[in-house]
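Since the structure comes first, as structure tokens, the remarks are kept for the end.
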Amino acid sequence: MDAQEKAALVASIGEEVIGRDELTALFEKKHHPVAYNGFEPSGRMHIAQSLGYAINVGKLLDAGCTVKVLVADWHAQANGKLDGDLEKIQTAGKYFIEVWTGCGLDTSKVEFIWASDLVQEPGYWQTVLKIGTINSLDRIKRCSQIMGRDDEEGLSAAQILYPLMQCADVFHLGIDICQLGMDQRKVNVLAREVAPKLGHEKPIIVSHHMLLGLLEAPKGVTDAVSRAAAMKMSKSKPDSAVFADDTEEEVVRKLKGAYCPAKQVEENPILEYCKHIIFERRESLTISRPEKYGGPMTFTSYKELEHAFVEGNVHPMDLKSAVAIALNELLAPVREHFSKNAEAKRLSEEVASYRVTR
């Protein structure tokens, strides 16, 4: 691929790209620009964290990026994940890496960096202090969304440090491209704003779409912001998402009960699974139907499927059945990896025993 094609591939990850016009120039300047993603280890992995993450990191690797993944163990501790138990958090981090291996991501090509190591680097806390000095407390509190916190009140002092650390991470990892979810947009914008003041180039921000949870918003919740919050995936609500270690039967059950309004694209998690997971990994999706209902239908693109669904040519239950079959096929290598790899199995069993509150 030439620089323009590489830039297009990376941009395809994003629901929003800040600095889109800078991407081609970056690839012309650097054969292997540094792209960054990161995660809080926090219990079992749902479909977005497992297959979705592997898809996005795979595109970065295909574009020739050097990919650094921050295992944000200190951040998770500051945010109270897994009761703030650093040992459990680090076990969950190792489990995450095993899941991505099962998803087909070549983890040998990814540089995993633990936050507990990064914070020991000379100058790290000086950078944190500088970012805090040139920003108001209100500005930093507005980044609380990155921690899954919608309410700025009641934040601990450690949680106030979190955005400062995440911003500092970008500079100490030498990042050209921040590739995180839309929920991390605010702190990435902060990094882009402060970069010139700290003597760094502005990172390009590629923010991927956040998959909806499988459950319908409660009755009476009408405004868009509240509905989006209500339909988020939640580890404390296992039926809100398919998880990487779900059994075939659990996947079928969850999809059968999932929200999938007929002829509707907006707020339709099943179509989102098709767009962002299935058609990213498969060339087609077959809807099996009895002949009296028209017989099987095979779609070779998401757009084709979406059009047929909106026209009423695909029934929600038939779609959910097809998606369950496709997801189980995609998750089969994960199940195989954890059945054959003793260490992966041990990590999975240990993480499954942890209490998850959100």
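Read-outs: derived from the displayed coordinates by stated rules, not from any lab. Just so it is clear, the structure is predicted and the values come from calculations on it, not from any experiment. When we count neighbours, we look across all protein chains shown, and the Cβ atoms used for this are built from the backbone with ideal geometry, even at glycine.
The table below lists the values:
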read-out	value
Given Lys68/Lys186; Lys68/Lys275; Lys219/Lys263; Lys30/Lys141, the pairs whose alpha carbons are separated by over 24 Å	Lys68/Lys275; Lys30/Lys141
Compactness of segment 203-281, expressed as Rg and Dmax over alpha-carbon positions, Å	13.5, 43
Mean Cβ neighbour count within 10 Å, used as a protection proxy, ranking 46-55, 258-267 highest first	46-55, 258-267
Sequence of Leu271, Leu137 once ranked by neighbouring C-beta atoms within 10 Å, starting from the fewest	Leu137, Leu271
Distance in nm between pseudo-label sites at Asn341 and Leu129 (7 Å out along the Cβ direction from Cα)	4.1
Under the span-like rule (Cα at least 18 Å along the axis, Kyte-Doolittle mean at least -0.5), DSSP H helices of the chain	86-102, 157-172, 316-340
Shape call, segment 71-132: gyration tensor on alpha carbons, a/c limit 1.5	oblate
Fewest-first ranking of Arg44, Arg282, Arg185, using other Cβ atoms within 10 Å as the exposure measure	Arg282, Arg185, Arg44
Relative packing of 314-321, 348-355, 163-170, which averages over residues the other C-beta atoms within 10 Å, highest first	163-170, 314-321, 348-355
Local electrostatic count, Leu61, Cβ distance below 14 Å [Lys/Arg +1, Asp/Glu -1]	+1
Cα→Cβ-extended label distance, 7 Å offset, between Lys197 and Glu87, nm	4.1
Segment 239-281 residues near the modelled His315 label - backbone nitrogen below 14 Å, point 7 Å along Cα→Cβ	262-263
Equivalent-ellipsoid semi-axes of the chain, from the Cα gyration tensor, Å, largest first	34, 23, 21
Approximate shape of segment 281-358 as ellipsoid semi-axes (Cα gyration tensor, √5λ), whole Å, largest first	35, 15, 11
His31-Ser288 FRET efficiency (beta carbon distance; Förster radius 45 Å; 0.05 resolution)	0.45
Gap separating the Cα centres of segment 105-138 and segment 258-337, nearest whole Å	40
Per-bin percent of Cα-Cα distances, segment 224-352 [5 Å]	2, 10, 18, 21, 19, 14, 8, 5, 3, 1
DSSP bridge pairs, the chain: antiparallel proportion in percent, nearest 5	30
Highest-first arrangement of 228-234, 155-161, where packing means the average Cβ count within 10 Å	228-234, 155-161
For His208, residues with placed amide H under 5 Å, excluding near neighbours	Glu15, Leu180, Gly181, Met182
10 Å-binned pair-distance histogram of segment 3-208 (Cα, whole percent)	9, 36, 39, 16, 1
